[in-house]
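Structure record follows, encoded as structure tokens.
The values are calculated or read from the model by the stated rules, or taken from the named source; none is laboratory data. Worth saying up front: this structure is predicted, and the values here are computed from it rather than measured. Every residue, glycine among them, receives a Cβ derived from its backbone with ideal geometry; neighbour counts consider all protein chains shown. Keep in mind that these areas ignore ligands, DNA and RNA; they rest on the heavy atoms of the full protein, side chains included. Shrake-Rupley method; radii C 1.70, N 1.55, O 1.52, S 1.80 Å.
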Amino acid sequence: MHLLIPGAFFLVWKKKTHARAWPLVVGVIVYIMISLFRGMARVVVLNESVAEVPMLYNLLSALLSGIAEEGGRYLVFLWVIRNYDRWEDAVTYSIGHMAAESVLAGGIVYGMTLVDVPFFTIYAIHDHIFSAALSVIVFAAVHYDGIRLVFAAVGLHALCNFLHALNVSEILPDVGYELLDLAVLVLMAFLAWRLYRHYSISPEWESVTDVS
């Protein structure tokens, strides 16, 4: 299931948009590299003294993930797949990113029964919307609007992770977490949609490529 759902997403996406496969491959490879870097950074940043303050630990952990993943996404879009400059390529990258994350963060750690499949599918759709929205935001940062959108992506990513950490720590109850997480997801998707509409439809923005 951890590979079937991303594979199905990509096949449907490819048929609908004629998406190219290379950004998906890059997404898989880069997520693995980001995971290794983040693991080493966590050892340094999240030391024993930080662990004694749970709120600080959760906050730094969330920021670390946001910076690693969105910073990595920015560098990949800027240097590695710069010539893959269609909005569809950003979403394709996100499918590869989430496929690797699903396997590394979920498939290796957790088992699954048939009863779990519907719930897993719902969360997989949630995660792919999350990743696709962030990819579109960072793509807009690289090709149109400058680095300020990267900070927005890092902040939104970190906020989602922080809310999840509070829920796991039983500081934030399940209902409150689900509502807040959904609200942030809707905000991210809305921002990505507005960026796409603004830069792909407005003629005056067609030649804007400043990434400073």
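What the table below lists for this structure:
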quantity	calculated
Dipole of the chain, positive direction: furthest Cα of His143, Ala183, Tyr123, with charges on the beta-carbon	His143
Accessible area of the chain belonging to carbon and sulfur atoms, whole % at 1.4 Å probe	71 percent
Estimated FRET transfer efficiency when R0 is 45 angstrom, pair Val44-Leu182 (beta carbons, to 0.05)	0.85
Dipole of segment 4-116, positive direction: furthest Cα of Leu63, Ala41, Phe10, with charges on the beta-carbon	Phe10
Structure-based [θ]222 nm, the chain - -39500 (n - 2.57) summed over DSSP H runs of at least 4, per residue, nearest 500	-24500 deg cm²/dmol
Per residue value of the accessible surface for segment 1-52 (all protein chains in place, 1.4 Å probe), Å²	67 Å²
Local electrostatic count, Asp89, Cβ distance below 15 Å [Lys/Arg +1, Asp/Glu -1]	+4
Environment charge at Phe139 (Cβ cut-off 13 Å; Lys +1, Arg +1, Asp -1, Glu -1)	-2
Burial ranking of peptide ranges 80-89, 137-146, 51-60, 19-28 (average Cβ count within 10 Å, highest at the top)	137-146, 19-28, 80-89, 51-60
Separation in nanometres of the label points that stand 7 Å from Cα toward Cβ, at Glu52 and Ile32	4.0 nm
Gap separating the Cα centres of segment 65-96 and segment 115-162, nearest whole Å	11 Å
Where only C-alpha atoms are counted, convex hull volume of the chain per residue in Å³	128 Å³
